[in-house]
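Worksheet: one structure, shown below.
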Amino acid sequence: ETTKPVEPAQPTAGMQALRSARFLQIRNEAVNYPDGIKSPNPALNQNSKSKGRQYDKEFLLQFQEVFKEKPSIDWDLKLKETVGDSTDSARPQSAR
Amino acid sequence: TNGSAEESTATTATTNDSEIKTVFDDPDNFNVKHPLMHTWTLWFTKPPSGKGDNWNELLKEVISFDSVEEFWGIYNNITPTSDLALKSDYHLFKKGVRPEWEDSQNKHGGKWAFQFKDKKAINIDALWLHVMLAAIGENLEDEEDNEVMGVVVNVRRGFYRIGLWTRTVGKALPGEAGKGRTFEQGKEVLLKIGRRFKAALQLKENENVEFSGHTDSAHAGSTRAKAKFVA
């Protein structure tokens with residue numbers, strides 16, 4: 001266990017941005033997304049009772065390659081304690 | 001305290017509210033994020049070790065989130081379903097609901113489910129992702145339906161199964177007199193949700209998702225309870 005990589009001590013810029021960013025008010029704020037980025041399907045949020053927090057798959061999938069930050073600096077440890085180490089658990093267990 | 005009040009004034013003064021920067025503008029320095037309708041909690045069921053561990057110790061809460069950005073940070077840094085050991089499950093549930101039949105909010109409920117028996121013929125990672133996106137993007141139910149509790153993927157020897165848990169089986173719940181739907185209305189809501197679930201799973205018209213109540217499954221002593229509805 002001595003070869004474990006050292007965890008970064010500070011959260012990354014992306015982690016900090018996620019933490020300090022405020023929630024958009026989808027129904028009241030017009031966002032100009034950069035060229036090539038589709039806005040959420042307006043039809044989903046037209047209902048006057050809607051809180052404006054419905055998103056179509058095509059809109060959501062655009063984030064996949066854009067935001068890849070780990071949720072926290074201790075994420076690898078947390079993952080190991082919950083989901084486990086995929087490198088051992090994924091191996092089929094020997095029946096011996 | 002005084003200190004934090006001053007600090008927040010200072011922050012307001014230096015932030016230009018009209019300048020909206022999304023993660024698409026600058027992934028390291030965005031100032032707005034996209035809120036989800038609900039806060040969701042991801043759970044994981046570890047495969048049993050074979051040493052008589054009880055199920056409660058195998059069910060682990062991983063993380064809760066309430067924005068689109070945070071969802072992708074998690075998804076991009078967690079073991080894909082296709083790499084999980086047999087007998088693992090991921091559960092994505094609304095915060096405050098344990099993904100168990102015994103939870104008071106699930107005990108009158110049921111689930112839509114589909115088993116993918118040819119594990120090699122499908123891309124389970126894409127299917128599970130699309131079902132999660134349909135859940136967090138609120139495409140599975142209408143706002144007033146109040147049925148969807150969460151979604152689940154089971155990794156088993158002979159199949160993958162994806163399920164969608166609902167709060168009711170179509171009947172009004174005890175203590176909800178007056179607010180309840182008639183059984184016909186309740187059934188229509190569940191069937192609509194089932195059809196949207198089927199669409200999210202990209203199933204063919206002749207591949208049916210099946211609905212069963214949790215207590216039916218519990219009493220049958222098996223997860224293969226008789227289907228009440230199909231869509």
Put in order of increasing Cβ neighbours within 10 Å, starting from the fewest, A:Val31, B:Val169 give A:Val31, B:Val169
Relative to chain B, whose Cα atoms define the longest principal axis, helix B:124-136 and its Cα axis are tilted in degrees, nearest 10, by 70 degrees
List the lysines whose Cα sits under 18 Å from the Cα of B:Lys204, skipping any in the same chain fewer than 8 residues away. B:Lys117, B:Lys119, B:Lys120, B:Lys192
With everything on Cα atoms, drop me the angle between helix B:183-200 and the longest principal axis of chain B, reported from 0 to 90° to the nearest 10. 70 degrees
Got the relative contact order for chain B handy, in percent, Cα pairs under 8 Å and 6 or more residues apart? 18 percent
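Could you pull out the trypsin sites (Lys or Arg not before Pro) across segment B:70-120 that fall in loop regions by DSSP (anything but H, G, I, E, B) with no more than 16 other Cβ atoms inside 10 Å?
Values: sites: B:Lys87, B:Lys94, B:Lys95, B:Lys107, B:Lys111, B:Lys117, B:Lys119, B:Lys120; in loops: B:Lys87, B:Lys95, B:Lys107, B:Lys117.
Within segment B:70-120, the qualifying trypsin sites (Lys or Arg not before Pro) (loop, at most 16 other Cβ atoms within 10 Å) are B:Lys87, B:Lys95, B:Lys107, B:Lys117.
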The exposure ranking of A:Leu77, B:Leu92, B:Leu129, B:Leu164, fewest beta-carbon neighbours within 10 Å first, is A:Leu77, B:Leu129, B:Leu92, B:Leu164
Excluding same-chain residues fewer than 8 positions from A:Lys68, which lysines have a Cα within less than 20 Å of its Cα? A:Lys38, A:Lys57, A:Lys78, A:Lys80, B:Lys21, B:Lys33
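Per residue of B:134-141, how many C-beta atoms from partner chains lie within 10 Å of its own C-beta, taken as a mean?
Going residue by residue through B:134-141 and averaging, the value is 4.
Given DSSP loops and a limit of at most 12 other Cβ atoms within 10 Å, what is the longest stretch of chain B that contains no such GluC sites (Glu not before Pro)? Display every interim value, and only then the final one.
On the way: sites that count: B:Glu19, B:Glu102, B:Glu144, B:Glu176, B:Glu205, B:Glu207.
Formally, the longest exposed-site-free interval is B:20-101.
Counting only other chains, what is the mean number of Cβ atoms within 10 angstrom of the Cβ of each residue in peptide B:77-83? Write down the numbers at each step before the final one.
Details: counts 7, 7, 8, 2, 0, 1, 5.
Rounded to a whole number, the mean comes out at 4.
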As a check on your grasp of the helix formula, calculate [θ] at 222 nm for chain B: sum -39500 (n - 2.57) over DSSP H runs of n ≥ 4, divide by the residue count, round to the nearest 500. -8000 deg cm²/dmol
As straight-line cross-link partners of B:Lys187, the qualifying lysines (C-alpha separation under 18 Å, not fewer than 8 residues apart within one chain) are B:Lys107, B:Lys111, B:Lys171, B:Lys179, B:Lys198, B:Lys226, B:Lys228
Loop-resident trypsin sites (Lys or Arg not before Pro) in segment B:21-80 with no more than 15 other Cβ atoms inside 10 Å, DSSP not H/G/I/E/B, are B:Lys21, B:Lys51
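No value in this document is a laboratory result; all are computed from the given coordinates. Every value quoted in this text rests on a predicted model; they were computed, and no experiment measured them. Note that each Cβ is placed from the backbone with ideal geometry, even for glycine, and that neighbours are counted across all protein chains shown.
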